[in-house]
Amino acid sequence: MNAPRRFEVDVPMMRRRKGGPLEPPLSENDRWHHMQRAQRTTVIRYGVRDAARRAGIPTGSHITVTLHYAPGDNRRRDEDNLVPTLKAACDALARGRNRQWIGLELVPDDTPKYMKKHMPVIHPGKGERRLWLEIEVRP
């Protein structure tokens with residue numbers, strides 16, 4: 001049996017206010033207007049889709065996805081607040097039922113049959129802010 005292959009793909013981050021730091025585009029704590037939320041979701045979907053294409057990730061029978069966030073400081077954060085960003089990123093990797101959305105089609109759908117989504121992981125500590133997906137592809 002072939003071993004799964006691992007890939008890393010950057011997820012785009014955005015500024016919440018002018019001159020502010022880069023942060024994950026969506027959070028459970030956000031209260032965006034529905035159009036602003038839709039715009040941020042689109043940024044994630046297209047950014048992840050294009051980054052995954054550049055990484056040359058092959059299609060597979062099943063993928064496992066984990067969202068990682070290095071905030072660049074030691075403040076307390078809840079992992080579950082990053083779930084909306086994870087969902088939008090996973091939507092970019094699967095075709096799904098929406099034929100108008102041009103996803104990457106690594107798997108047919110983002111249901112548990114084809115994709116496992118782990119809870120996001122936060123890496124505290126000083127350094128550069130970064131948001132990325134770890135994708136494990138099984139042939």
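Each reported figure results from applying straightforward, stated rules to the coordinates on display, with no laboratory input. Since the structure is predicted, the reported quantities are computational estimates derived from the model, not experimental observations. All Cβ positions, even for glycine, are placed from backbone atoms using ideal geometry, and neighbour counts span all protein chains on display.
Taking the dipole about the Cα centre of region 5-138, with the C-beta of Lys and Arg at +1 and of Asp and Glu at -1, give me whichever of Pro25, Val65, Pro120 is farthest to the positive side.
Pro25
Using modelled backbone amide H atoms (1.01 Å from N, in-plane), which distant-in-sequence or interchain residues come within less than 5 Å of Arg16's amide H?
Glu23
I want to verify a result. In a Gaussian network model of the chain, Cα cutoff 10 Å, which of these has the top mean-square fluctuation: Arg77, Arg40, Arg95?
Largest GNM mean-square fluctuation: Arg77.
For the chain, set up a Gaussian network in which alpha carbons nearer than 10 Å are linked by springs, and say which option among Arg15, Arg49, Arg37 fluctuates the most.
With Cα springs under 10 Å in the chain, the top fluctuation among Arg15, Arg49, Arg37 is at Arg15.
From a point 7 Å beyond the Cα of Ala55 in the direction of its Cβ, which residues of region 8-22 have a backbone N at a distance under 18 Å?
In region 8-22, the label zone of Ala55 (backbone N under 18 Å from the point 7 Å along Cα→Cβ) covers 8-14.
When the chain is fully extended, how far beyond the present Cα-Cα distance does Met35 get from Leu22, taking 0.36 nm per residue of separation?
On the way: separation 13, 0.36 × 13 = 4.68 nm, distance 2.03 nm.
Separation in residues times 0.36 nm, less the Cα-Cα distance, equals 2.6 nm.
Hey, can you grab everything whose amide H is under 5 Å from the amide H of Asp110? Only 5+ residues off in sequence or another chain; H modelled, so Pro and N-termini drop out.
Under 5 Å from the amide H of Asp110: Gly96.
Cβ under 11 Å from Ala88's Cβ, Ala88 left aside: what net charge do those residues give with Lys, Arg +1 and Asp, Glu -1? Let's see the in-between values first.
Working: positive: Arg37, Arg40, Arg45, Arg49, Lys87; negative: Asp91, Asp110.
Once positives and negatives cancel, what remains is +3.
Read phi for every residue in region 40-52 and hand back ³J(HN,Hα) as whole Hz from Karplus 6.51 cos²θ - 1.76 cosθ + 1.60, θ = phi - 60°, with x for Gly and Pro.
5, 4, 5, 4, 5, 4, 5, x, 5, 4, 5, 5, 5
If I model a spin label as a point 7 Å beyond the Cα along the Cα-Cβ vector, how far apart are those points for Glu128 and Thr64 in nm?
Once both label points are built, they end up 2.7 nm from each other.
How big is the C-alpha Rg of region 20-63 next to the rule-of-thumb value 2.2 N^0.38 Å, as a ratio?
Details: Rg = 13.8 Å, N = 44, 2.2 N^0.38 = 9.3 Å.
Normalised Rg, Cα atoms only: 1.49.
Of Thr41, Thr59, Thr111, which has the largest mean-square fluctuation in a 10 Å C-alpha GNM of the chain?
In the Gaussian network model the winner is Thr111.
Taking only the C-alpha atoms, wrap a convex hull around the chain and report its volume per residue in Å³ as a whole number.
119 Å³
For Lys116, list long-range residues whose amide hydrogen, built 1.01 Å from N in the peptide plane, is under 5 Å from its own amide hydrogen.
Ile63, Thr64, Val65
Quick check on the chain: of the DSSP beta bridges with both residues there, what percent are antiparallel, nearest 5%?
On the way: 17 of 23 bridges.
Here the share of antiparallel DSSP bridges comes out near 75 percent.
Spelling out what I want: for every residue of region 25-34, take phi, set θ = phi - 60°, compute 6.51 cos²θ - 1.76 cosθ + 1.60 (Karplus), and round to whole Hz; glycine and proline get x.
Each residue of region 25-34 in turn: x, 10, 9, 5, 7, 5, 10, 7, 5, 4 Hz.
Can you work out ³J(HN,Hα) from phi for every residue in region 4-17, in order, using Karplus 6.51 cos²θ - 1.76 cosθ + 1.60 and θ = phi - 60°, giving whole Hz and x for Gly and Pro?
Whole-Hz 3J(HN,Hα) from phi for region 4-17: x, 9, 10, 9, 10, 9, 6, 9, x, 10, 9, 8, 6, 9.
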